[in-house]
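The values are calculated or read from the model by the stated rules, or taken from the named source; none is laboratory data. Nothing here was measured: the structure is a model prediction, and the numbers come from that model. All Cβ positions, even for glycine, are placed from backbone atoms using ideal geometry, and neighbour counts span all protein chains on display. For the accessible areas, the whole protein counts, side chains as well, though only heavy atoms, and no ligand, DNA or RNA atoms are used. Shrake-Rupley method; radii C 1.70, N 1.55, O 1.52, S 1.80 Å.
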Amino acid sequence: MKLNKSLLAATALFGALLTSCSDSGYWDEASSKELGNGATYSFNNVNLSYEYAAEESLNGKDVEILVTRGTTQGEVTLPISAVFSDAEAMSGPESITFADGSNTAAYPIHFSKELIPGQKLTAKLAIDPKEIGFAVEEADTMLLKNKTAADSLKYVADSIAYETYLNKLKNYKLATTITFSKVLTWSEAGKCIFVDYNFASDGASAEDVTILHADGTNMYRIVAPFQAIYSDDPDEGFDTDTGFTFYLEDDLSISFDEEIGTIGYPGYTYQYVWGVGSFAGYAAYCGVTRQNNIYDVNCLRLRNNANLYTGHFAFMWTEGWPGEQ
């Protein structure tokens, strides 16, 4: 492979510039410019996590995120940008106001529907960097193969500028990411006969495999089915079995997330996956056939995060099947 000498020279030059700046109060320049009455502003934390009990209600409530300024003088309104992972569940204002005499103001994140146990929602808030002394840098884009050496030099410069911008946001707490989640509480939901068709082509099974239910959701989990089948077989020796997770729909059909579950033994790990998300191109290999309480599942298996194979298992929900209730 040929190296671009200009690109290498530019990289070395920018490295030297960054080194020299680190000894000359580089970060002192980031948010020193005054806004309105001379205050500087920041969130109290770069990352925040809120975890709630399954029975705790958030619908219709506000969660307040604190912003601090460097003075108590005057009333000031500060613009805040917000990106929510679920805009139907969460919302917030475009600005907050500091009251005269206070150095803090709260940004309210409003929940307009309930947070589902097991679900994670995020809110990304930012103080407009232009308001406190430095320009917003756009994210760099990967260059196409037919770009010139001059474009490559610009790519290096733009990349460094963008990384500097992100570092400023982090070091001065000008942005924060807040994660909201509810604890899953599992209860036993019955038993099943689980059948594996991958490591035993004619089917190997185990009876009385436990099924759990996540309270308040339609999420279920078959507990360690492969260890139940092969735990007494020294030739198989499965030492990893995360359980298989599925969702029971109102019509008693089942569906899956991208990852169903993981099994493995020394040297090999198989992730059983479904044809959605990054595996959407393989959806034709995935499907469920149901006959009453018997579910026959064709899916995919990813071995050691590299090789993709077909997967096949089935289970008969022998105790606690909702269709009999």
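Across segment 284-295, not a single residue is classified as within 22 Å of the chain's Cα centre (by Cα), closer than 21 Å to ILE211 by Cβ and in a strand (DSSP E or B). Restricting ALA161, ALA139, ALA106 to residues that are at pLDDT 90 or above and either outside any strand (DSSP E or B) or aliphatic (A, V, I, L, M) (or both) narrows the list to ALA106.
Yes/no matrix, rows are residues, columns are (1) under 22 Å from PRO225 (Cβ atoms); (2) part of a loop (DSSP other than H, G, I, E, B); (3) β-branched (Val, Ile, Thr); (4) out of contact with any Gly (no Cβ under 8 Å at 6 or more places or on another chain):
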residue	(1), (2), (3), (4)
ILE178	no, no, yes, yes
CYS192	yes, no, no, yes
VAL195	yes, no, yes, no
PHE199	yes, yes, no, yes
ASP202	yes, yes, no, yes
ASP208	yes, no, no, yes
HIS213	yes, no, no, yes
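From the list PHE279, PHE238, the one residue that fits, being assigned to a loop (DSSP other than H, G, I, E, B), crowded, with 16+ Cβ neighbours inside 10 Å and of a type outside the set (Ser, Thr, Tyr), is PHE238.
Being at pLDDT 95 or above, touching a Lys or Arg at 6+ places or on another chain (Cβ under 7 Å) and closer than 20 Å to ALA224 by Cβ is true of GLY311.
For segment 241-276, residues that are open to solvent by 60 Å² or more (accessible area, probe 1.4 Å) and under 18 Å from the mean Cα position of the chain (by Cα) total 3. Checking each residue in segment 186-213 for being open to solvent by 20 Å² or more (accessible area, probe 1.4 Å) and within 15 Å of ILE294 (Cβ to Cβ) picks out LYS191, ILE193, VAL195, TYR197, GLY203, SER205, GLU207. Scanning segment 81-98 for residues that are open to solvent by 60 Å² or more (accessible area, probe 1.4 Å) and part of a loop (DSSP other than H, G, I, E, B) yields SER85, ALA87, GLU88, GLU94.
Taking the condition open to solvent by less than 80 Å² (accessible area, probe 1.4 Å) and at pLDDT below 90, does GLY101 pass? Taking the combined requirement at face value, the residue does not satisfy it.
Restricting attention to segment 296-307, does a residue exist that is modelled with pLDDT of 95 or more, open to solvent by 60 Å² or more (accessible area, probe 1.4 Å), out of contact with any Asp or Glu (no Cβ under 7 Å at 6 or more places or on another chain) and farther than 28 Å from ALA54 by Cα? Scanning segment 296-307, I find at least one residue that is modelled with pLDDT of 95 or more, open to solvent by 60 Å² or more (accessible area, probe 1.4 Å), out of contact with any Asp or Glu (no Cβ under 7 Å at 6 or more places or on another chain) and farther than 28 Å from ALA54 by Cα, so the answer is yes.
Does GLY216 satisfy the condition of being surrounded by fewer than 16 Cβ atoms within 10 Å (Cβ to Cβ), over 30 Å from LYS182 (Cβ atoms) and out of contact with any helix residue (DSSP H, G or I) (no Cβ under 6 Å at 6 or more places or on another chain)? Criteria not met by GLY216. When you scan segment 38-73, how many residues do you find that are assigned to a loop (DSSP other than H, G, I, E, B) and either of a type in the set (D, E, K, R) or more than 22 Å from MET90 (Cβ to Cβ) (or both)? Total satisfying the criteria: 9.
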